[in-house]
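As structure tokens, the structure follows; a few thoughts come after it.
No value in this document is a laboratory result; all are computed from the given coordinates. As the structure is a computational prediction, the values presented were derived from the model and not from experiment. Note: ideal-geometry Cβ built from the backbone for every residue, glycine included; neighbour counts use all protein chains shown.
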Amino acid sequence: MEPDFRSQQDFLRAEIRRELKIKEGAETLQKCSKDKKTKTHVNNILKQTNSRLKELHEKLDWLNKQVQDYPGKQRPYYVCAVF
């Protein structure tokens, strides 16, 4: 696997870990929140984080599929697109 693919995969995995930490913190805050305004804000954060996680997982799955489908130097040029 080319370094470009590996660096893109590493970047996506790091972003997924980051979003999971945000999600974990928001879920903890959600349990501790008493007022409606804070709960609403935390719910919005959770929605955004879940959406972002879905997007990142889809990008990583796509990239992994490209690596499997085009081993070696036969990959098309668009596979190295930066997300």
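For Q48, neighbours were defined as the other residues whose beta-carbon sits under 12 Å from its Cβ, and their charges (Lys and Arg +1, Asp and Glu -1) total +2.
Annotation for S33 and R18: the two label points, set 7 Å from Cα along the Cα-Cβ direction, are 2.3 nm apart.
Computed from the C-beta positions of H57 and D4 and an R0 of 22 Å, the FRET efficiency is 0.65 to the nearest 0.05.
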